[in-house]
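The values are calculated or read from the model by the stated rules, or taken from the named source; none is laboratory data. Values in this document were obtained by computation on a predicted structure and should not be read as measured data. Positions of Cβ are backbone-derived with ideal geometry, glycine not excepted, and every protein chain shown enters the neighbour counts.
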Amino acid sequence: MIRELESQGVVSKTHSHFNSPICSVRKSEGEWRLTVDYHGLNEVTPPLSAAVPDMLELQYELESKAAKWYTTTDIANAFFSIALAAECRHQFAFLWKGVQYTWNRLPQRWKHSPTI
């Protein structure tokens, strides 16, 4: 699991004073997913305000355009498509089999990942 993430450039080895606990979760297909418990980091991360559109205004805009087709897209591993700033990576460190790693891509379970 970690080798695959490392070969894809999603994680890399690091040396950091930060460290969050990990847990492997079995997915419905039987594969394993690496999850990191970021409760500690989330508690000290400052709030981030996101511009959320007014739903009534958004609905009006969609209806007024009278398009024939609309679509939705679900991107697999969407968080991993967004690079994590190099100067922040040390804060996301975790330990796997005695080796410390960090995320190079936006990690799951960090409180601002869905907003970004």
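Restricting attention to segment 51-80 and to residues that are among the aromatic types (Phe, Trp, Tyr) and without any contact (Cβ under 8 Å) to a residue 40 or more places away in the chain, the residue that is nearest to VAL10 (Cα to Cα) turns out to be PHE79. Reported count of residues in segment 66-116, each being assigned to a loop (DSSP other than H, G, I, E, B) and within 22 Å of GLU43 (Cβ to Cβ), is 14. May I ask you to list the residues in segment 17-35 that are part of a loop (DSSP other than H, G, I, E, B) and hydrophobic (A, V, I, L, M, F, W, C)? Scanning segment 17-35 gives a single hit, PHE18.
Given the condition modelled with pLDDT of 80 or more and of a type in the set (A, V, I, L, M, F, W, C), answer yes or no: does some residue in segment 62-79 qualify? Looking through segment 62-79, none of the residues is modelled with pLDDT of 80 or more and of a type in the set (A, V, I, L, M, F, W, C). If I ask for residues that are surrounded by 10 or more Cβ atoms within 10 Å (Cβ to Cβ) and outside any helix (DSSP H, G or I), which ones from segment 41-65 would you list? The answer is THR45, and nothing else.
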